[in-house]
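Enquirer: Provided herewith is a single structure, encoded as C-alpha cells, for subsequent inquiry.
The values are calculated or read from the model by the stated rules, or taken from the named source; none is laboratory data. Here the structure is a predicted model, which means the values were calculated and not measured. Positions of Cβ are generated from backbone atoms using ideal geometry, with glycine treated the same way; all protein chains shown enter the neighbour counts.
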Amino acid sequence: MGTDTPLPSTPKKAHTDNSNAASGSNHPTLPSLGNTPISLKNAPHVSGADYSVEVSRNAVASDLGVAIPEVEFEFFKLHILPPLHLSIDIDTIISDLVDDEIIVNGRWAAFPRDPWTYATDSSGVAQREKENEVFAPLATIIREITSSKRTGVHARRALEYESLPDSTPVCCFDKKGARPDGYFVFNTPNQPAMRFNGRAYWRDLATPAEFKLRDRREDLQGDINQICWDMHQIMREDPNRRFVFGFTIENIRMRIWMMNRSEVVVSQPFNFITDHKKFLHFFLSQTYASAHELGADPTMTLVKASTTGECIYDITVHDVKGKSEGEKPVPIVFRTAGLINDDGTKSPLGRGTRVWRVRRLVDGKPDATAPGRVLKDSWVDEDREREGNILQQIIGQPDISDTVRKALVALFLTAVAFGDVVIGGCPDGTRSLITRGADVPDTNMFSMEAFGHISSHKRGTTSSSLLLQCSTIPASDNLRRKVIKYFKKRHYRIVFAEECEPLSKTTSLHDVFTSLLRMTNGLFILHQSGPGWVHRDLSTGNILYDREKTRWVLSDVEYAKRLDVKTAHEIRTGTANFMAVEVDIRVYLHRSRTKSNVQQDPFSRLNIEDLAARMLTQEDSTYTSGTKFVQQIAEQKSESKQIFYYNPTHDLESLWWIAVYFVINKETFLRPPSGSTITKLNQSNSDTLNINHRNSAALPVATSIDPGMAQPALGSDRNNEYQVVSYLDKNQRAYSRSLFYSKEPRILALSGSSGGVMFEAHMNGLPAHLFDLGRSLNSLRENLRSHYFTIESPGYEIDKLVCSRTELYSQFMEAFSSMANVLSTQDIMAIPFRSDGYTIEPPQSTAKDLDHTSVSSANDNYKRKLRDNAQNSAGSSASKKPKHESPQLTESSEASEPESADVPGKGKAVAR
C-alpha cells in the first residue's frame, strides 16, 4: 500500500464537551480514549494443574516482557518500601552488631566466604541441600537485626521470617507444588485463623525469597522466573493483595522486587554480605510496616477461610453513583457469598478482575431481605473513564427518545453502586499510593532474559561497579519498543443488580445465535444513539444471560467510546481471539488504490425506534429486512494521512468471530435430552466423550468428510454409559485452532487470497449437521469483506451510520435469525473438545426412549448430504485449492475464553 493512496475519511468533529451532567458522577468525565494494541498473555493458559510449575514460571516471566524497570535502591527506599519506624536508627544497630561480633571485618560473621565457593566443594551434597545450608544463617541475622532490644521498637512485628520451609505452601486454585527458599508471613491478629494444620497457604505469605549459590546466567534466570511466579502466585491466591514484595540472592547479589497490577520493578543489586545499610533498611522496613504498606487491602476484611480456599470477605465500596463532583463517596459494605469468576487474576499484570456474589451488610450482618448483587473488583487504567460513568453516559444521553433509552437500559447490566477504592482518604492506585505519587523511571532496564549478565566470581571480583554492570541495560529506543508497558492503574469496584452466565459457558448453538442476534440489534442502537458509541471489547465473556429476566445483556463497557471523540491510548489488554483483524494490527486492510466503482449503494434504513421497541418486547428473535432504497454516496473525499480508528464495523466483526468460534472450535452433537448436564472428567487427555443415558440408543454424532467412515461403537449397557469415539478431521481441528491462536490465518480468512479459499473450503468440509451454519458464516464473511472494501475506498465517510449504508446490520440480523430459527427445531450442542474431558450427565427424570429408527435415518441423511456437499465442493473449488496445507497444531486444552498465547510445554498453541 503506497503512502499516496487516499484513506477513507473520518468526520472531523469539534466535540470537546465532556460534561457529566447526565451521568451524575463524582469523577470528572475523562475523554473516551482511542484505539489500543492488544497485549497477549501466556500465563492464563498454564494456570491449571495440567501444567508443571516450570512451565508456569516460564509463562509468567514471558508475560512481563523482555525487560522491566531497574531502579536505584534509593528510589525503592523513598517511594516503594514502607517508611522506617521513627525509633529505628540503622547506624546504631550496625554499631551494636559489630560490638556483638555479628559483623566481623565488614561482613556478616555467618558468611565468612562468598556462597559461590561452597558450590565448588566436592562433598557430594546436592545443590539444593547446599543452598539450604549456606543461606540458613539469614534467619538468624534477620532475627538479630529486628529484635526489639536493637530497634527499640516494642510494637507487634507485622511479619515473621521463615527460612527453608519444610512444607510447601498450599495453593487453593492452581494446586502447584512449589515453595520459595524463604518468606515472610503476616503476623497479624487474624492471621492464625487463615492457617490449617500448621501449614502456610500462599495467601499467608507476604514476601517470598529465592536463593542461588552462583550468579551464572542460568542461576539468575532461575531466580527471575521463580520470584516472579512467587509474587504472581500470592496475588493470584489472595484477593486482599494489592501488591507484593520479594527478594532474590545470587551468590552475593541481592535484589528487591515489587509487583503490582501495572508493573514489576527491581532494584539494582547490592552486596548483601557487606552493604549492611541497604540490607537492614529493607528488612526493618518490612518488619514494622502497617498491613496496607505491605500490600494488604484495608477495605477488604477476611471473615472466614476454609481448607478448600473458599473465603468470605467483607468488601467496602465507596459509592459515587448519583453524586456530583466534590461530594464524598458513601461507603457501603458487602459480604461475599461465593466467587463467580477470577480469570483476570491468571496473568501477573492487567486488570486482575474478580467477581463475587454479595449481599449488603446491615448492622454487621447480611441483609436477608435485600436482593443478591454481583460485585466486580478490578484495576483500571487511571486515565480511562470508569465503567459506571460510561453506563450512565450511554443511558443518560439527552437527545434520545424514551424508547431508545429503555432499550439501552435493557441491553446492559444495571449498576447499583460504584467508585474508586479509597484508602486513608486517598484513591488506591499504582501511583497514588503504591509508589507514593512517583513515576517509575525507565532510564535503566533489567533484562528478563539472563543473556549478557556477568558472573562476578569468574572475574574474581565483587566490586559494586561490577554488580551494577551485571544487570543494567541502557533503555534504548529499540528496547523501549519491545518492553510491555502497562499504564498506571486505579483500584475500582462496581456492583450490579443482575447475576448472569457468560456466553462462554453456553452449550446450545441455538442460544448462541439467539444471543448474537440480540447483540446485533443492541449494537445497532448503541452505534446510532446520540453521537454514536462503540463497545470495543466484545467476547464470549462479555455477553451474558440474565436468567431472572430471560434476556441477553452486554457487560464490560470500560473500553466503550464515543465515535466523535478521537484520542489515542497506547495499550490495553483484552481477548484478542474475537478482535476485528484490523484492530489487532491497526491497519486498514481493504484499502483500494482507486475510487470505488460503485457510485450508488443500496441499503436498508433500519428504524432505531422500531428496533428498540422490538428489543423491549423480546421480539428480536426473528428479523426481516425493512424497505430498501438507493441513496447517492456523498462527495468522495480523500486525505493523505489518517490515524486508524475503531468503527462500528469492528464490533460486528467481533460477533462474526464469536459465531465462527462456536461452530468450528467446539465439539458438536445433536443436543441430548432436555435436562442433561455436562461435567468435566478427570481424564483430561481422553479421546472419547462419555454420554450417560437410560436407554441403549446412540445419539447422532459428528463424523468426518469421509462418507465411508464407520459409525462409532457403543459402550457397555452395564453402566448405561456410552463412549462415542471422535472421528473429527485432524486438519479441520488444526485449522480451527490456528484461527483463534495465531494472527496470520485470521488475516487471510478475511482476504480474497488463498486464505479466504481455505476458510471457505473448511466451511464446506464441516460435518453435515454444521454444513448450513458454515455456509451462512462464509456468506456473512463475504458480506463483511464487501462492506470493508466499500467503506475503505478513498474518501468514503466512516461515521456512526457506516454499517447502515451497506446493509451490514440487515445481513447480520438475517443470518443470525435464520440460524437461530433452524436450531430452534433441532438444537446442536457445542462443548470443548473431548480431549478436555467433559461428560454429559442424564436428566434426573426418566427420559423418553430415543427412536432407534429415526436416529439411524438421521445419520444416513447426514452421510448422504455430506457426500453430496463434499463432491460439489470438490468440483467447484478444485481450481482454488490452496498450495499449502493447514497449519498443524498440537492440540491444547481450551480455556472458557481463549487468549492468544505461545504456551510452552504441554498443549502448545501457535502464537499470535
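Enquirer: I want to confirm something. Restricting to segment 175-185 and keeping residues that are closer than 25 Å to residue 301 by Cα and surrounded by 19 or more Cβ atoms within 10 Å (Cβ to Cβ), which single residue is modelled with the lowest pLDDT?
Expert: Among those that are closer than 25 Å to residue 301 by Cα and surrounded by 19 or more Cβ atoms within 10 Å (Cβ to Cβ), it is 185.
Enquirer: Same structure again: For segment 741-774, give me each residue that is among the polar types (S, T, N, Q) and at pLDDT 85 or above. Steps first, please.
Expert: Of all residues in segment 741-774, those among the polar types (S, T, N, Q) come to 742, 751, 753-754, 764.
The answer is 764, and nothing else.
Enquirer: Having 3 or more residues that are modelled with pLDDT of 90 or more is the bar; report the strands (runs of 3 or more DSSP E) wholly within segment 497-607 that clear it.
Expert: Details: elements: 543-546, 551-554, 600-604.
Hits in segment 497-607: 543-546, 551-554.
Enquirer: In addition: What number of residues within segment 328-361 satisfy the criterion of being in a loop (DSSP other than H, G, I, E, B) and of a type in the set (Val, Ile, Thr)?
Expert: Count: 1.
Enquirer: I would also like to ask the following. Look at segment 373-406 and say how many of its residues are part of a loop (DSSP other than H, G, I, E, B), farther than 21 Å from residue 322 by Cβ and more than 26 Å from the chain's Cα centre (by Cα).
Expert: Qualifying residue count for the region: 2.
Enquirer: Test of understanding: among 327, 310, which residue is modelled with pLDDT under 95 and more than 28 Å from residue 346 (Cα to Cα)?
Expert: 327
Enquirer: Could you list all residues from segment 804-822 that are under 15 Å from residue 774 (Cα atoms) and either surrounded by 22 or more Cβ atoms within 10 Å (Cβ to Cβ) or within 31 Å of the chain's Cα centre (by Cα) (or both)?
Expert: 812, 815, 816, 817, 819, 820
Enquirer: Filter segment 293-335 down to the residues that are basic (Lys, Arg) and surrounded by 15 or more Cβ atoms within 10 Å (Cβ to Cβ) and list them by number.
Expert: 321, 323, 335
Enquirer: Only one of these is touching a Leu at 6+ places or on another chain (Cβ under 8 Å) and either surrounded by fewer than 24 Cβ atoms within 10 Å (Cβ to Cβ) or assigned to a helix (DSSP H, G or I) (or both): 282, 245. Name it.
Expert: 282
Enquirer: Then there's this: Determine which single condition residue 871 fails, assuming it passes every other condition in (1) within 21 Å of residue 665 (Cα to Cα); (2) at pLDDT below 50; (3) not acidic (Asp, Glu).
Expert: (1)
Enquirer: Looking at (1) of a type in the set (A, V, I, L, M); (2) in contact (Cβ under 8 Å) with a residue 60 or more places away in the chain; (3) touching a Leu at 6+ places or on another chain (Cβ under 8 Å), which one does residue 234 not meet, given that it meets all the others?
Expert: For residue 234, the exception is condition (2).
Enquirer: Of (1) modelled with pLDDT under 85; (2) in contact with a strand residue (DSSP E or B) (Cβ under 8 Å, 6 or more places away or on another chain), residue 805 satisfies all except one. Which?
Expert: For residue 805, the failing item is (1).
So that you can scan it fast, the table gives a plain yes or no per residue for (1) outside any helix (DSSP H, G or I); (2) at negative phi; (3) assigned by TED's automatic domain parsing to the domain that holds residue 254:
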residue: 59; (1), (2), (3): no, yes, no
residue: 76; (1), (2), (3): no, yes, yes
residue: 79; (1), (2), (3): no, yes, yes
residue: 84; (1), (2), (3): yes, yes, yes
residue: 88; (1), (2), (3): yes, yes, yes
residue: 92; (1), (2), (3): no, yes, yes
residue: 95; (1), (2), (3): no, yes, yes
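Enquirer: Of all residues in segment 342-390, which are surrounded by fewer than 18 Cβ atoms within 10 Å (Cβ to Cβ), free of Cβ contacts under 8 Å to residues at least 24 places away in the same chain and closer than 16 Å to residue 496 by Cβ?
Expert: Of everything in segment 342-390, just one residue is surrounded by fewer than 18 Cβ atoms within 10 Å (Cβ to Cβ), free of Cβ contacts under 8 Å to residues at least 24 places away in the same chain and closer than 16 Å to residue 496 by Cβ, namely 370.
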